[in-house]
Structures are given as structure tokens and as C-alpha cells.
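Okay, structure first, notes after.
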Amino acid sequence: MAEQKPIDQLSFEEALQELQSIVSDLETGKAPLEKSISDYERGVALRKHCEKKLHEAQSKIEKITVTEDGRLQTAPFEEE
Amino acid sequence: MSTAPDRTSNVPEFSVSELAFSLKKTLEGAYSHVRVRGELSRIKIHSSGHMYSVIKDDNACIDAVCWKSNVARLSIKPEEGLEVICTGRISTYPARSNYQLIIESMELAGEGALLKMLEDRKRRLAAEGLFAPERKKKLPFLPERIGVITSPTGAVIRDIMHRLNDRFPRHVMLWPVRVQGDTAAAEIERALRGFCGLPESVRPGILILARGGGSLEDLMPFNEENVVRAVADCTIPIITAVGHETDTTLVDYASDLRAPTPTGAAEMAVPRRLDLLATVRAEADTLLRVASRLLSERKGRLETLGARLGDPARLLEIHSQKVDHLGGNLERQAQILVNDRRARLRTASVRLRDPGYVLQQKTQGLVRLADRLDNGFRNRLNEDGRLLAKAGALLREPRGIIERLQERLLERGQTLQRVWARSFEERRTNLAYLARSLENLSYENVLGRGYTVVFDVCGKPITSAHAVSAGMALDIKFRDGRAGALASGKSSDRASLSGQSADREKQLDQGKLL
């Protein structure tokens, strides 16, 4: 874990993977106390981030149309 | 009517043109709409765009032509040897009077023929590597946007949205296309390439190309070569779900993943949100448990170690003993050092010669030199005198010259003596200085003048203030004995020490006394 990306830039999958690796690191119990504490804090933040990502899921559907000059446009989709 | 007998009676006589046009009329009237089944052969597309061909079976053949405008609309691509059913009409070309079939539409003759054509096409595209496993892209774990290519009407898009919302609601971008008919293949290809060409900020992370069930012919757009190629070229991971589970179209081979149904495609596109939530919670619980265990373990270890730390007084005893031991050493070392220096001084003073003696030696040498010089001068003088006497006889006032020369000689002799005397003096002074310096260098003498020597606990003299740290034990040697001391650290200001503070201390002392 050489480079630590800011948590809000992590995708859900990255955040979950990091949370899992922190947990398994802590389980070995070999890390120094300071690192254990900062790992724990990051773990808690990762959990929050993951939950946020899961809660912000929102359904939205839009339709793509091609204009006469070949440009793409989107419009809300209503079932015909 | 004149000579020719009416052998053939009333059979009317046609001109060739009349007959040819009559035939044309009859044929076109009788066969204005026919369906002919046969094998395509000798296909030729003329530069005009019209297609010429021969349709044959085991025993007969008939010329066929398909005008350019119809060629573009054919639902299948005419291939040599293809078993087809052509719909059209019969016509003749009067200039040659041969008849031909004008093809209006063409379909494959039966499922077997269609399947054979698909099999051939599949083999050809596979040989190109379009279906190779190494071309398959990995689906993203959780795409932000999902692109869907399907009909905007019907159950397919509803099924996909329904399942997506069940599992993990996402932003869906629908590219509406017709999924059957002549234009379907072109529309689907455009949608595929269109999605890939979107800027990255809005490009979907995954595509679903889907269609509900239908006949083999209905599904044909998904077997068209241009659509299969567009799927293979697609830079976005793509799931295909065409028809029912038992239908397999060629796009299914080219896509990254084949779903049995549109609903199945939605399931493959996103994970279940609730499962993920459970995973996150489970991980967080473990995190908390592990972290608390770590803390309590460390606390326990700390307590154990604290108990084992023991009584500080005991530690002090050991060290105090060590100090005593080292103090004894220090004294012995100092004595050895003093003895050593004393011995070296003795040796040095033996080697130091008495300056009086040296002076005497030099004086004697000088006297000898002066004698030799004197004699030399005298001899020279005598010789010169003789020469002069000889010359004097020849000169008018020889006596005067000789006297002047004698005076100068005398002068030189005196100068020489002065120089020698000064040289003696310098040497004597040097010698005296050396003797004094030696005296000064003597260790004991320095002590005698009120200086002290400071040693550390190992008996090494301390010659630099930097070597002294606060609290360090020191041993100070005076002219008349030694005394132990503890360094307080840096030197305090000299003035304050010797001046006011000393006075104040005195006053304080007096105060106490009073």
C-alpha cells in the first residue's frame, strides 16, 4: 500500500478491496500500534465510502438520438 | 393469292417482331408473379449494378436478373451454390428472344440452407480470429453507466431495467434500433460504433446488445457480417442477449459474454447491491473486532512489562557501585600518568646540556677562529708589508700608504670582532630561552603557577570544554592535591560569577547567620 489514493476518488471495488486488505493485515496483528490505528481509521472511512457508493445508486434512463447532421443527443426515455 | 396454293389454309403469318412481342406478352401475362426454387450459379454483378445469374436444378436452368435497386434490398447476400427461393416475374428480351426471371426478392430455401450459410460464415470469421478468447474483455465490477442497444418498444428494455433496478440501479443509455428487417443490421452497427466513439466522460462502462425471441429469419441481423465485426471491434465490454436461450447468433461468438436472455444480461452487468452492502458491513465488523483485540493485547503486554520493570533503587545501587569502582581506577591512572611525566622530564633534563658549558665551547671555537684570522692577517700583512717595502722603495711616500692600509686593516679586524660578539649573544639568548621553555613545559611547574588539570572518570585529562557534559564526574588536580567535582554544564558568565552574584551570596549567607 505504497500510494494511498484519496478515498473519495476510489471506485467501489477499489475501496472494498482496500478495506479487505486492511482487515486481513490487522488480523495478522504484526503492524505497529500507530499503523494499526491509522489503518483502522482508514478502514472506517473506506466503509463509509463503500456505503455511500451503494446508497447513491440511482436509476436513470435516457435515450440517444442522432440528429440530422450526425450529432448525438440524449433525451429522457419514455416507454412508447 | 395468285400462284401459291392455300396449303396452310388460314394460319396467320407473323413477322418475327410480331411473334417475339407476342411471346413476351404471353409469358409476362402468364408468369407475372412466380416463386422459383433453385441453386444460384454463375453470379455476375455488372458494373451497372445489376446482377446476372443462372438458377438451376438437376435438369434445367433459367437465366435470372436482379436490377440494381433490388440487389440492395435483398435480405440475403447471393452466393454461388446457395439454395434460394426467388420471387419475381418472367420476361423476355425481344432482340434475342430468350426469357429470364426478373428477381424481386430472394430468400434462402429452407432452414437447412440458412444454417449451412451461417455455419460457413461462422467458420470464415472464426478463422479470422474474431471469436478468439484472447479478444474477450473483462467486464467492469460496477459500471457507472450501461449502454443498451435494443428496440425502444417491447419487453426487452423493460426486462433489463427491471432487473437492473432490482440489483443495482444504474444510469442506462438506450440507443434505440430496429431489431429486425432490412435496416436493422446497419442501425445496430451504427449504435455499436456510436457508443465506442462517445467521449470517455459519458461513455458507458458496459454495453448490452439485446433482442427478444424470434424466428431464425427474424434474428438474421444479428448474424450479419457487419454487425458481427462491429461487436468484435467494440472497445467497450459487451454482453449479447439475442433471442431465447437456445438461439445462438454469430454476435454471441464475437461478444465478451453471452447472456441467455436480456434479464440475464442485466444480472451479469451489475452485482447485487444488498450483497455488497452485507460484505461491507461484515468487513467493517471484522475491522472493529480485530482493532479492539489488538489494543487489548498491547495493553496486556504493557502491563506485564511494567510489572517486570522492577524497583528503581536497585538499578541505582548497581550504578553507584560502578562509580566507586571507576573512581578507584581513576586515582591509580592519575598516579601512573604523573609518574610517567616525571620520568620523561628527568630524561629530558639529562639530555639538556648546561648552557654555560655550551657557551664556553662556542667561545673557545671562536677564540681559535679569531687566532687563525689574526695569524692570517698578520702573515698577509707581513707579506704585504714586504711587498710594500719593496714598492715603497719605488714610491715617494710609501710610509703614508702603508699606514693607511694598516688603519683599514685594523678597522676590519674590529668589525669582525663585533659581528662575532653579536652572534655569541644571540646564541646565548636562544639557549636561555630554550632552557626557560623547558622549565615552563614541566607539568608540575604549571600546577605550581595555580593552574589545575581536569581528568574524567577514566583518568583521561580533559582538554576541551566540549568534552564536558552536565552531570559528568570530574577529578581536578591542584598544586597541593586533588578534588572531585561534578560538572554543571556550560560555563556561566564570568562577570556575574565573580561580581554581583558572589556578593549576593555573601549577603544571603550573612542573612542566614543573622
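Summary table
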item: Residue B:102 vs. criteria touching a Ser or Thr at 6+ places or on another chain (Cβ under 6 Å), surrounded by 14 or more Cβ atoms within 10 Å (Cβ to Cβ) and among the hydrophobic types (A, V, I, L, M, F, W, C); result: yes
item: Count of segment B:448-463 residues which are within 20 Å of residue B:325 (Cα to Cα) and not in a loop (DSSP other than H, G, I, E, B); result: 3
item: Check on residue B:126, outside the structural domain of residue B:241 (by TED's automatic domain parsing), surrounded by 14 or more Cβ atoms within 10 Å (Cβ to Cβ), at pLDDT 90 or above and not charged (D, E, K, R); result: yes
item: Filter result for residue A:73 (exposed (fewer than 12 other Cβ atoms within 10 Å of the Cβ) and within 8 Å of chain B (Cβ to nearest Cβ)); result: no
item: Residue tally, condition more than 22 Å from residue B:218 (Cβ to Cβ) and in a helix (DSSP H, G or I), over segment B:100-123; result: 1
item: Segment B:442-484, residues that are exposed (fewer than 15 other Cβ atoms within 10 Å of the Cβ), of a type in the set (A, V, I, L, M, F, W, C) and either under 60 Å from the mean Cα position of the chain (by Cα) or modelled with pLDDT under 80 (or both); result: B:446, B:458, B:465, B:467, B:470
item: Residue list for segment B:44-60, restricted to those being exposed (fewer than 14 other Cβ atoms within 10 Å of the Cβ) and hydrophobic (A, V, I, L, M, F, W, C); result: B:60
item: Filter pass, residue B:149 being assigned to a strand (DSSP E or B) and in the same structural domain as residue B:267 (by TED's automatic domain parsing); result: yes
item: Filtered residues of segment A:29-70 (kept if under 25 Å from residue B:270 (Cα atoms), within 9 Å of another protein chain (Cβ to nearest Cβ), part of a loop (DSSP other than H, G, I, E, B) and not hydroxyl-bearing (Ser, Thr, Tyr)); result: A:57, A:58
item: Conditions (1) assigned to a strand (DSSP E or B); (2) at the interface with another protein chain (Cβ under 9 Å from one of its Cβ atoms); (3) touching a residue at least 12 places away in the same chain (Cβ under 8 Å); number of the one not met by residue A:16; result: (1)
item: Those strands (runs of 3 or more DSSP E) lying entirely in segment B:36-99 with at least 2 residues at pLDDT below 90; result: B:83-93
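Condition check ((1) touching a Pro at 6+ places or on another chain (Cβ under 6 Å); (2) surrounded by fewer than 19 Cβ atoms within 10 Å (Cβ to Cβ); (3) not assigned by TED's automatic domain parsing to the domain that holds residue B:149) across all residues:
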position	(1), (2), (3)
B:175	no, no, no
B:178	no, yes, no
B:189	no, no, no
B:206	yes, no, no
B:216	no, yes, no
B:237	no, no, no
B:265	no, no, no
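One line per residue, one yes/no per condition, for (1) over 47 Å from the mean Cα position of the chain (by Cα); (2) in contact (Cβ under 8 Å) with a residue 60 or more places away in the chain; (3) farther than 22 Å from residue B:230 by Cα:
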| position | (1), (2), (3) |
| --- | --- |
| B:106 | yes, no, yes |
| B:111 | yes, yes, yes |
| B:123 | no, no, no |
| B:137 | no, yes, no |
| B:150 | no, yes, no |
| B:154 | yes, no, yes |
| B:159 | no, yes, yes |
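The values are calculated or read from the model by the stated rules, or taken from the named source; none is laboratory data. Just so it is clear, the structure is predicted and the values come from calculations on it, not from any experiment. Note that each Cβ is placed from the backbone with ideal geometry, even for glycine, and that neighbours are counted across all protein chains shown.
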